[in-house]
Amino acid sequence: MTVKTILYVEDNEVNRRIVQDLLRRTSYRLIEAPDGEAGLEMARRERPDLILMDIQLPKISGIEATRTLRREPATAAIPIIAITSFALAGDEQKAKEAGATAYLAKPYSPRDLLEMIRKLVPEGGGAA
Ligand code: MN
């Protein structure tokens, strides 16, 4: 059984806790980074199977981090779900242009996020 690793780049602790709870009963392994700079470092080091990228981040924005990951061969193919802010018009367009695979506007339902994750990166597991 292959464990799939998800990197969540998010500065808001409450949001991180929600995703921790969401993934606790799945087989996904969750790793986290609190800002764009740490997120880039962790993506390069861990090569996660999927990245959840908040857009409003300290140090390096989610847009810039996404652009950088897409430029680097080692991370270029990793699916990225951009977590955009519903209140900030233009975020989705910017995320798309930066190379995000999909996006979800805050506030989102955790169930929708899990569905999106499962679509992009099916949970590992042997055949039944
Ligand atoms: Mn944020």
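Rule-based calculations on the coordinates, nothing more; no lab input. Since the model is a prediction, treat every value here as computed from it, not as a measurement. Quick reminder, even Gly has a Cβ in these numbers, built from the backbone with ideal geometry, and neighbours come from all protein chains shown.
For this structure, a couple of remarks:
- The calculated FRET efficiency for VAL3 paired with GLU72, based on their beta-carbon distance and R0 = 25 Å, is about 0.60.
- Length gained on full extension, GLN20 to GLU46: 7.5 nm, using 0.36 nm per residue less the C-alpha separation.
- Each peptide in 57-69, 111-123 was scored by the mean count of other Cβ atoms within 10 Å over its residues; highest first, the order is 57-69, 111-123.
- Measuring nothing but how far apart in sequence close Cα pairs (under 8 Å, 6+ apart) lie, relative to its length, the stretch 5-120 scores a relative contact order of 24 percent.
- Cα-based shape type of the stretch 5-120, given that a ≥ b ≥ c are square roots of the gyration tensor eigenvalues and the cut on a/c is 1.5: rounded
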